[in-house]
Amino acid sequence: MLSRSQLYQQAVAKLEASAITNARHETAWILEETIGLTRLMIQTAPEQEVSPEAWRCAWESVERRALGEPLQYVLGSQEFWGLDFFVTHDVLIPRYDTELLVQSVVSRMQEHVSPLLVDVGTGSGCLAVAMGVELPQARIVALDRCPKAIRLAVRNARRHDVHHRIAFCVGDLLAPLLSPRLAGKVTAVVANLPYIGEAEFFTLAPEVRDFEPKLALDGGADGLTLYRRLLREAHHIVSPSGYVMVEVGQGQASRLCEEAVLCGYRIHHVLHDSLDIQRVVCLERTGTTLS
């Protein structure tokens, strides 16, 4: 049997051979998550033996990472907005930039007594759950066209005890909500939809392109196909002076804003991310009625 120190060193060597940049840190995370072997345990008792079962369990995860699978999928979790979320290959891994979208929603909704928020394309549920945590007065509907994503989002909502205030629904964009009884009742539609254009898709890092679900990345020819549909559908349910708040890709904000004005919205604000990319667009519905 291998010792703790031997397992750690072999795992680091395996990841370094696969050009994993932070091989030592990632090895430590994998060993702690998979078999409960912490850095302190390795340091204080390096020669203690690891059982064959524990070794196989840990090594399976090391090999997955060495093949390029994102660490978040290997560990089954990702932090977002200071909260831990379950993640699987059925959903996009939550990104730090998307926290700007939560920030935008929270800043606009704090003064509302009982806002009705709709999270479109909820995926892991990170947006819906973060909004539920920050806005206890809010009622939230989370939609996704992937049933497996919805099941995972429910798990995450239960994990953070906001499941009783979030209604989950399988459906294509806003289709399940387009009924007369909801017309003009929604305070804000929030979305981080697929926005990767056809040409850009093949330039993505292999970790993203080969392992994350294409359904959650593919935004059509120019990346805005789903957002065009969303603008028109949202106009039927968002209240007058209500909001549509979305995350977009590099170079897409100005084009989306131009099209939004034609769809009966005004530009409320645009937020830049840490690289000064226009990342979050907040639109306010005007009184214009679409035909």
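Report, by residue number, each residue of the range 127-142 that is touching a helix residue (DSSP H, G or I) at 6+ places or on another chain (Cβ under 7 Å) and closer than 21 Å to Leu100 by Cβ.
Result: Leu127, Ala128, Val129, Ala130, Met131, Gly132, Glu134, Leu135, Ala138, Ile140, Ala142.
What's the number of the condition Gly249 fails, among (1) outside any helix (DSSP H, G or I); (2) open to solvent by 30 Å² or more (accessible area, probe 1.4 Å)?
Result: Gly249 passes all but (2).
What is the residue count in the range 3-23 for residues that are buried (at least 18 other Cβ atoms within 10 Å of the Cβ) and in a loop (DSSP other than H, G, I, E, B)?
1
Which ones in the range 85-125 are within 20 Å of Cys169 (Cα to Cα), surrounded by 24 or more Cβ atoms within 10 Å (Cβ to Cβ) and hydroxyl-bearing (Ser, Thr, Tyr)?
Matches in the range 85-125: Thr122, Ser124.
Might you let me know whether the range 263-277 holds any residue that is open to solvent by less than 80 Å² (accessible area, probe 1.4 Å), on the phi < 0 side of the Ramachandran plot and part of a helix (DSSP H, G or I)?
Looking through the range 263-277, none of the residues is open to solvent by less than 80 Å² (accessible area, probe 1.4 Å), on the phi < 0 side of the Ramachandran plot and part of a helix (DSSP H, G or I).
Here is a list: Glu33, Glu26. Which entry is under 28 Å from Glu207 (Cβ atoms), within 27 Å of the chain's Cα centre (by Cα) and open to solvent by 60 Å² or more (accessible area, probe 1.4 Å)? Before you say what the answer is, go through the steps one by one.
Details: Glu26 fails: open to solvent by 60 Å² or more (accessible area, probe 1.4 Å).
After ruling out the rest, the residue left standing is Glu33.
Within the bounds of the range 160-180, is there any residue that is open to solvent by 60 Å² or more (accessible area, probe 1.4 Å), touching a strand residue (DSSP E or B) at 6+ places or on another chain (Cβ under 6 Å) and in contact (Cβ under 8 Å) with a residue 40 or more places away in the chain?
Looking through the range 160-180, none of the residues is open to solvent by 60 Å² or more (accessible area, probe 1.4 Å), touching a strand residue (DSSP E or B) at 6+ places or on another chain (Cβ under 6 Å) and in contact (Cβ under 8 Å) with a residue 40 or more places away in the chain.
Quick one: in the range 193-209, of everything that is surrounded by 15 or more Cβ atoms within 10 Å (Cβ to Cβ) and not β-branched (Val, Ile, Thr), which residue is farthest from Cys146 (Cα to Cα)?
Glu200
Just to be sure, is Arg255 surrounded by fewer than 16 Cβ atoms within 10 Å (Cβ to Cβ) and within 17 Å of Asn192 (Cα to Cα)?
Taking the combined requirement at face value, the residue satisfies it.
Residue-wise test of (1) at pLDDT 95 or above; (2) within 23 Å of Ile237 (Cα to Cα).
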| site | (1), (2) |
| --- | --- |
| Arg95 | yes, no |
| Gln103 | yes, yes |
| Gln110 | no, yes |
| Val118 | yes, yes |
| Glu134 | yes, no |
| Gln137 | yes, yes |
| Ile140 | yes, yes |
| Lys148 | yes, no |
| Arg151 | yes, no |
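Considering only residues of the range 73-82 that are of a type outside the set (Asp, Glu) and open to solvent by 30 Å² or more (accessible area, probe 1.4 Å), which is farthest from Tyr243 (Cα to Cα)? Before you say what the answer is, go through the steps one by one.
The initial filter retains those residues of the range 73-82 that are of a type outside the set (Asp, Glu), namely 73-78, 80-82.
In the following step, the residues that additionally are open to solvent by 30 Å² or more (accessible area, probe 1.4 Å) were identified as 75, 77-78, 81-82.
Values: Leu75: 36, Ser77: 31, Gln78: 28, Trp81: 22, Gly82: 25 Å.
Across the range 73-82, the extreme among qualifying residues is Leu75.
Look at the range 216-239 and say how many of its residues are open to solvent by 90 Å² or more (accessible area, probe 1.4 Å) and under 19 Å from the mean Cα position of the chain (by Cα).
Residues in the range 216-239 being open to solvent by 90 Å² or more (accessible area, probe 1.4 Å) and under 19 Å from the mean Cα position of the chain (by Cα): 0 in total.
The values are calculated or read from the model by the stated rules, or taken from the named source; none is laboratory data. What you are looking at is a predicted structure, and each value in this text was computed from that prediction instead of being measured. Cβ sites come from the backbone with ideal geometry, for glycine too, and all protein chains shown count toward neighbours. Surface accessibility is based on the protein's heavy atoms, side chains included, excluding ligands, DNA and RNA. Shrake-Rupley method; radii C 1.70, N 1.55, O 1.52, S 1.80 Å.
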